[in-house]
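Asks: Sharing a structure, written as structure tokens. Questions coming.
The values are calculated or read from the model by the stated rules, or taken from the named source; none is laboratory data. Since this is a predicted model, take the numbers as computed values, not measurements. Every residue, glycine among them, receives a Cβ derived from its backbone with ideal geometry; neighbour counts consider all protein chains shown.
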């Protein structure tokens, strides 16, 4: 319940700030990437190539969404 309320509050604040809602979604999607990096350094976990590619695609999607207003306006 706390996670759902956190997401809803995040979207509410993004809308109040006039931020594209896609940027808030991209931030939530990019979070596992940073968690995986933390796991890599703290617990020496192994990250496979397909996982790196997927996380890189998430970051690229976040950048594209955040720049969508600049490019398409």
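Asks: Just to verify a result, which residue in the range 56-65, among those that are farther than 23 Å from residue 3 by Cβ and at pLDDT below 85, is farthest from the chain's Cα centre (by Cα)?
Replies: Only one residue tops the list, namely 64.
Asks: Oh, and also: May I ask you to list the residues in the range 64-73 that are in a helix (DSSP H, G or I) and free of Cβ contacts under 8 Å to residues at least 24 places away in the same chain?
Replies: Correct list: 64, 70, 71, 72.
Asks: Which of the residues that make up the range 1-23 are under 28 Å from residue 45 (Cβ atoms) and in contact (Cβ under 8 Å) with a residue 12 or more places away in the chain?
Replies: Hits for the range 1-23 are 7, 10.
Asks: I would also like to ask the following. If I filter the range 1-55 down to residues being surrounded by 12 or more Cβ atoms within 10 Å (Cβ to Cβ) and not in a helix (DSSP H, G or I), which single residue comes out as modelled with the highest pLDDT? Even if it seems obvious, please write down each step before you answer.
Replies: So the first thing to find is which residues in the range 1-55 are surrounded by 12 or more Cβ atoms within 10 Å (Cβ to Cβ), and the list is 7, 10-11, 14-15, 19-30, 32-33, 36-37, 39-40, 47, 51-52, 54-55.
When the remaining residues are screened for being not in a helix (DSSP H, G or I), the result is 19-20, 47.
Details: 19: 78, 20: 74, 47: 89.
Within the range 1-55, the match that is modelled with the highest pLDDT is 47.
Asks: Give me the pairs: first residue in the range 27-48 and at negative phi and free of Cβ contacts under 8 Å to residues at least 40 places away in the same chain, second residue part of a loop (DSSP other than H, G, I, E, B) and surrounded by fewer than 11 Cβ atoms within 10 Å (Cβ to Cβ), beta-carbon distance under 8 Å, and six or more apart or on different chains, which are they?
Replies: Hits for this filter: 36/45; 39/45.
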